[in-house]
Ligand SMILES: Nc1ncnc2c1ncn2[C@@H]1O[C@H](COP(=O)(O)OP(=O)(O)O)[C@@H](O)[C@H]1O
Ligand SMILES: [Mg+2]
């Protein structure tokens with residue numbers, strides 16, 4: 001028995017606050033040292049991290065397996081792209097709309113999901129992911145969606161005459177939005193709602209006996225998860241300045257799921273590692289072998305799972321616990 | 001003549017079937033407020049099924065259960081805690097990977113009202129609720145001797161400790177009626193004694209009415225004011241412990257089971 005494991009209770013001390021401040025300073029610092037290509041990559045890390053964060057709430061915390069999270073990413077991306085390309089909205093104004101549309105779709109998907117558990121839910125959400133590119137290509141919608149060609153948007157620029165390039169600004173903007181999302185998610189999970197989510201994941205019948213309404217909780221979690229992932233999609237659309245149906249195929253959903261597991265399914269900070277994995281590992285695999293990048297990617301993934309079976313988030317937590325190991329709790 | 005207090009719990013002709021199996025064949029009894037009512041009966045006699053009917057997990061086909069003056073028929077499971085019904089589970093249904101602290105706090109869920117938005121923004125109402133729950137939690141950790149394991153994952157603890165966590169999780173919700181399904185299961189003699197003392201200690205301060213399913217006859221007889229005996233989904237006795245112990249049907253049911261168990265032991269030896 002692993003009685004020496006302790007579970008973090010979400011308390012936030014001075015050390016954590018300092019660590020967080022240092023981390024943010026480094027992230028902001030990147031804006032001034034990285035070239036525009038790397039800034040683009042970092043922006044995508046943030047976008048994917050936010051997308052994975054949505055999945056963390058749904059699958060990691062509440063135990064509802066979603067293999068279709070890419071659909072919400074697509075909805076967020078297209079909401080932003082349609083408003084920017086067709087209606088000349090400024091990029092920042094599209095975010096609340098992308099959030100609302102994604103949340104609405106998540107809410108609606110939540111209803112059938114109530115009747116499905118485990119693997120059936122996984123397959124149903126997967127079906128959603130598979131159908132998204134086709135829906136985006138439908139001719140009847142192509143006035144909005146740009147059909148197979150997709151949509152191209154203008155590059156965002158720094159506001160108020162700030163002395164920043166567009167790349168710098170978009171990175172910092174995304175970082176700010178990302179921080180806000182992480183803060184909201186962290187708040188959500190460390191109190192009453194977060195405990196209810198985990199209780200549902202662990203023991204739904206007991207959770208209900210404690211007063212947790214399963215239906216309401218799951219549907220709202222779907223909506224929030226979709227909203228956050230949709231905002232990740234919106235950030236990526238702003239950075240890429242282009243959306244097309246085939247960027248949102250089912251592989252994206254699987255990739256987000258990989259990011260979730262690699263980061264640690266129920267770790268909020270782990271989502272950031274997940275985002276970095278999604279953005280960097282395919283490139284690294286490609287650098288190692290142009291001939292078989294897929295095999296290298298697979299090997300790296302397997303290596304990760306062997307080294308950190310509970311994801312980066314779980315691994316870091318275990319290390320911290322070992323560092324300040326407390327004596328075994330005495331139990332009778 | 002003294003007026004009897006209105007019962008807190010009134011089980012009326014409850015029938016529960018699983019396919020062809022009649023798990024409860026029309027069971028009726030009342031439990032008065034602030035009483036401990038033992039519910040005994042051989043394995044498979046329908047005790048857990050009755051608990052699940054009271055807590056809304058099963059929907060009974062016929063009859064009615066009235067609690068605190070209102071019918072529980074059709075009330076959703078997750079409303080039961082709010083009505084004042086807390087429970088533990090025969091096989092322990094903890095949130096295994098959550099800490100003891102978190103497990104117990106989930107028991108206070110129905111006392112809060114803050115939702116997704118309030119929590120995400122960590123509004124003052126959330127802080128107030130968390131503080132209130134934390135105060136109750138600390139008292140329970142002390143009362144049930146769980147402070148030392150408060151941050152351990154519940155699933156990693158020995159079974160008797162897990163049972164105490166379940167009890168704390170039920171108590172933090174301030175139930176009027178507490179359903180305990182075999183709380184002494186897996187406990188040794190000393191631990192059963194401690195449990196009896198604990199039940200005695202908490203019933204007053206927590207203002208509890210307890211429905212206690214237990215095989216440990218000595219425990220049931222010691223702590224209960226009333227005992228209801230079931231066999232094959234039917235009530236065979238209802239009265240004070242002394243009355244029920246003398247009931248020929250109860251003696252027969254229990255002797256029957258003991259004889260059967262002796263045989264099984266002999267066969268497996
Ligand atoms: N979910 C269920 N599905 C089918 N049969 C059940 C179910 N729950 C209980 N039963 C049956 O109902 C009867 C009573 O079981 P139970 O209430 O668990 O007995 P006890 O708790 O007194 O040991 C048994 O015959 C059991 O097999
Ligand atoms: Mg039972």
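The values are calculated or read from the model by the stated rules, or taken from the named source; none is laboratory data. From a predicted model like this one, the values you see are computed outputs, not experimental measurements. Don't worry about glycine lacking a Cβ; one is built from the backbone with ideal geometry, like all the others, and counts go over all protein chains shown.
Restricting B:201, B:122 to those that are part of a loop (DSSP other than H, G, I, E, B) and either within 11 Å of chain A (Cβ to nearest Cβ) or surrounded by fewer than 20 Cβ atoms within 10 Å (Cβ to Cβ) (or both) reduces the list to B:122. Condition check for residue B:148 on (1) surrounded by fewer than 24 Cβ atoms within 10 Å (Cβ to Cβ); (2) in contact (Cβ under 8 Å) with a residue 24 or more places away in the chain; (3) facing chain A (nearest Cβ under 7 Å): one failure, at (2). Report whether or not residue A:244 is in contact with a strand residue (DSSP E or B) (Cβ under 9 Å, 6 or more places away or on another chain), closer than 24 Å to residue A:91 by Cα and surrounded by fewer than 24 Cβ atoms within 10 Å (Cβ to Cβ). Criteria met by residue A:244. Against the conditions (1) modelled with pLDDT of 85 or more; (2) within 14 Å of chain B (Cβ to nearest Cβ); (3) in a loop (DSSP other than H, G, I, E, B), residue A:5 satisfies every one except (1). The set of residues in region B:45-75 that are at positive phi and either surrounded by 20 or more Cβ atoms within 10 Å (Cβ to Cβ) or touching a residue at least 24 places away in the same chain (Cβ under 8 Å) (or both) comprises B:46, B:56, B:63, B:68, B:69. In this structure, is residue B:237 within 16 Å of ligand 1 (Cβ to nearest atom), free of Cβ contacts under 8 Å to residues at least 60 places away in the same chain and under 26 Å from residue B:72 (Cβ atoms)? Yes, satisfied.
Within region B:58-79, can one find any residue that is under 15 Å from residue A:209 (Cβ atoms) and near ligand 1 (Cβ under 10 Å from one of its atoms)? Checked region B:58-79: at least one residue is under 15 Å from residue A:209 (Cβ atoms) and near ligand 1 (Cβ under 10 Å from one of its atoms). Scan region A:133-168 for residues that are buried (at least 18 other Cβ atoms within 10 Å of the Cβ) and closer than 26 Å to residue A:273 by Cα and report the count. So the answer is 2.
Within region B:38-56, being farther than 18 Å from residue B:249 by Cβ and more than 9 Å from ligand 1 (Cβ to nearest atom) holds for B:53, B:54, B:55, B:56.
Filtered by the rule that a residue be on the phi < 0 side of the Ramachandran plot and not in a helix (DSSP H, G or I), region A:244-273 gives A:244, A:249, A:265, A:266, A:267, A:268, A:269. Residues in region B:220-234 that are within 16 Å of ligand 1 (Cβ to nearest atom) and in a helix (DSSP H, G or I): 1 in all. Residue-level check: of (1) modelled with pLDDT under 90; (2) surrounded by 16 or more Cβ atoms within 10 Å (Cβ to Cβ), residue A:49 misses just (1).
Reported count of residues in region B:89-117, each being within 16 Å of ligand 1 (Cβ to nearest atom) and either at pLDDT 95 or above or within 7 Å of chain A (Cβ to nearest Cβ) (or both), is 2. Would you mind stating whether residue B:136 is assigned to a loop (DSSP other than H, G, I, E, B) and more than 7 Å from chain A (Cβ to nearest Cβ)? No: the conditions fail for residue B:136. Of the conditions (1) more than 17 Å from residue B:45 (Cβ to Cβ); (2) more than 16 Å from ligand 2 (Cβ to nearest atom); (3) touching a helix residue (DSSP H, G or I) at 6+ places or on another chain (Cβ under 7 Å); (4) in contact (Cβ under 8 Å) with a residue 24 or more places away in the chain, residue B:183 fails just one. Which one is it? Unmet for residue B:183, out of (1) more than 17 Å from residue B:45 (Cβ to Cβ); (2) more than 16 Å from ligand 2 (Cβ to nearest atom); (3) touching a helix residue (DSSP H, G or I) at 6+ places or on another chain (Cβ under 7 Å); (4) in contact (Cβ under 8 Å) with a residue 24 or more places away in the chain: (2). Count of region B:1-21 residues, restricted to those that are surrounded by fewer than 17 Cβ atoms within 10 Å (Cβ to Cβ) and either touching a residue at least 60 places away in the same chain (Cβ under 8 Å) or within 16 Å of ligand 1 (Cβ to nearest atom) (or both), is 7.
Please count how many residues of region A:189-231 are farther than 17 Å from residue A:72 by Cβ and either in a helix (DSSP H, G or I) or more than 7 Å from chain B (Cβ to nearest Cβ) (or both).
Applying the first criterion (farther than 17 Å from residue A:72 by Cβ) to region A:189-231 yields A:189-217.
The next check asks that each one be either in a helix (DSSP H, G or I) or more than 7 Å from chain B (Cβ to nearest Cβ) (or both); those that pass are A:189-190, A:192-202, A:204-209, A:214-217.
Here the count works out to 23.
One line per residue, one yes/no per condition, for (1) within 11 Å of chain B (Cβ to nearest Cβ); (2) more than 25 Å from the chain's Cα centre (by Cα); (3) at pLDDT below 90:
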{"position": "A:135", "(1), (2), (3)": "no, no, yes"}
{"position": "A:139", "(1), (2), (3)": "no, yes, yes"}
{"position": "A:150", "(1), (2), (3)": "no, no, yes"}
{"position": "A:155", "(1), (2), (3)": "no, no, yes"}
{"position": "A:174", "(1), (2), (3)": "no, no, no"}
{"position": "A:178", "(1), (2), (3)": "no, no, no"}
